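The values are calculated or read from the model by the stated rules, or taken from the named source; none is laboratory data. Just so it is clear, the structure is predicted and the values come from calculations on it, not from any experiment. Counting neighbours? That spans all protein chains shown, and the Cβs are built from the backbone with ideal geometry, glycine included.
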Amino acid sequence: MDAIVIGAGFAGLTAAIKLHEAGFSRFVVLEKGDRIGGTWRDNTYPGACCDVPSRLYSLSFALNPDWSRAFSPHHEIRDYMEKVARDFGVIDRFRFGAEVETAVWDEAASLWRVTLKGGETLAAPVLVSGLGQLNKPGYAGIPGRETFKGESWHSARWRHDVNLAGKAVACIGAGASAIQYIPEIAKTAAKVVVFQRTPNYIVPRNDRAFSDFEKSLFRSVPAVDRGMRWLIWKLMDLRFQAFKLGTKAADKFRQQALDYLHAVVQDPELRAKLTPDYEIGCKRVLVSDDFYQALVRPNVELVTEAVQAVTPNGVKTRDGVEHVCDVVIYGTGFVTTDFVSPVEVVGRGGKTLNEAWKDGAEAYLGMTVAGFPNLFMLYGPNTNLGHNSIIFMIEAQVGYMIEAMRAMKARGAKALAVRDDAFARFNAQLQKDLTETSWAGSCSSWYKTESGKITNNWSGDTLTYSRMTRRPALEDYELT
């Protein structure tokens, strides 16, 4: 084969289409799940939708004039992805129920040998990781989860068979997923107790349905659709200035979030609990039209005492109070700094990625790692965004990967490996640049490791990234 791709989210889908178009047509996409979708297959909780406008959260070469809303629900995004795979003729390249356990570089043969759960082994010169950063549920180390007598689940593993009507529901966590499903739960549950560790900055989503006229216009005049996509991208990219420490744009953005909080939440005690004390952008800035509105409902309670443990009957906080409930839902996010976990990736000399990343994950342009030839990571270290669409970044990364593969073919090379000095130089500059952003602020977040190293976010705007990844700087690589 030309390549093996792991993961059937947006990264794996984009890689499949562009590999096929570039003539590298002997490839397979391995997916442990049962369908395309990635995070949009896994996250089906009530209210699940994208927090990037639909026109931009889609592939530039596969516009969709039929989005129902400005911010699409999860099932529409998943259906869109499956349609794109069919339209571009790559759906048969996806192999479902294929869970990758190990990927080992064979130096003598210049091949990646990939072993699936069950023992089957595949081989190809190029390995593409489309595993992403938000696929492995995390539980924040909360003890006692197994003792709870009622029903419980993580937001990314939603139990649709459990009816919450009339029940007391404990929601641990108030992050990006939780602020979407809590308003939906509150409509039917008898009581909802929200356990918030740290308040978030929230700005209004301003979601709305597209009219039939608008959808007809997008369908009949694609230039309008493309023009709106470009405008949204440009405006969002300019917003990167609000994620730089000490700028007027950051102050204005913070005030916008606080004004929204004050407009919705009148109770000063509740408002104080919801007011962050850190730089805006240090944690993910959330968008919602109904979370604050849900918190002022009479059947919703916000608890800011730290969760000590889950008990057989509910959730106990550090002040000794046990909050009795029927259901516990964990909105505790994901393990975000492992990247390729749980796949064990072994490079030159038997060195694993976990060993190479013992001080925190890092990559050259977020894609290649010294000592791991012909490995391309999509949505890898330091390519996440706080202000724009990750789909834009993925398209840039796939384009870079295709150009690198073409360069190998043109030169008759079997292996392409980033040079140690180029790898070190790039990451040193990256970390220096990140010190000027809000992600280096005073809070703790999923963007960085326990030591404080920022491993997830890109240090600039997406225009800069697209320029840097337009074509590989081959002087930074060894081709053998």
Margin query: Can you find, within the stretch 342-363, the residue that is surrounded by the fewest Cβ atoms within 10 Å (Cβ to Cβ) among those that are part of a strand (DSSP E or B) and not hydroxyl-bearing (Ser, Thr, Tyr)?
Written below: 344
Margin query: Just to verify a result, which residue in the stretch 43-64, among those that are under 15 Å from the mean Cα position of the chain (by Cα) and of a type in the set (Gly, Ala, Ser), is surrounded by the most Cβ atoms within 10 Å (Cβ to Cβ)?
Written below: 58
Check: List pairs: first in the stretch 119-130 and of a type in the set (D, E, K, R) and surrounded by fewer than 24 Cβ atoms within 10 Å (Cβ to Cβ), second in a strand (DSSP E or B) and at pLDDT below 95, Cβ under 9 Å, 6+ apart or cross-chain?
Finding: none
Notebook entry, point to check: Do you know which residues across the stretch 310-326 are within 22 Å of residue 159 (Cα to Cα) and either outside the structural domain of residue 197 (by TED's automatic domain parsing) or not β-branched (Val, Ile, Thr) (or both)?
Noted result: 312, 313, 314, 323, 325, 326
Item checked: Residue satisfying all of: in the stretch 146-180; part of a helix (DSSP H, G or I) and surrounded by fewer than 18 Cβ atoms within 10 Å (Cβ to Cβ); nearest to the chain's Cα centre (by Cα) among these -> 157
Margin query: Given the condition assigned to a loop (DSSP other than H, G, I, E, B), touching a Lys or Arg at 6+ places or on another chain (Cβ under 8 Å), surrounded by 15 or more Cβ atoms within 10 Å (Cβ to Cβ) and among the polar types (S, T, N, Q), answer yes or no: does some residue in the stretch 318-333 qualify?
Written below: no
Notebook entry, point to check: Taking only pairs six or more apart or across chains, which ones have beta-carbon atoms under 8 Å, a first residue in the stretch 253-274 that is more than 20 Å from residue 194 (Cα to Cα), and a second residue that is small (Gly, Ala, Ser)?
Noted result: 253/242; 253/281
Notebook entry, point to check: When the stretch 214-252 is examined, which residues are found to be outside any helix (DSSP H, G or I), without any contact (Cβ under 8 Å) to a residue 24 or more places away in the chain and within 26 Å of the chain's Cα centre (by Cα)?
Noted result: none
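Every residue, every condition in (1) touching a Leu at 6+ places or on another chain (Cβ under 7 Å); (2) closer than 16 Å to residue 130 by Cα; (3) surrounded by fewer than 21 Cβ atoms within 10 Å (Cβ to Cβ), yes or no:
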{"position": "15", "(1), (2), (3)": "yes, yes, no"}
{"position": "23", "(1), (2), (3)": "no, no, yes"}
{"position": "37", "(1), (2), (3)": "no, yes, no"}
{"position": "66", "(1), (2), (3)": "no, no, yes"}
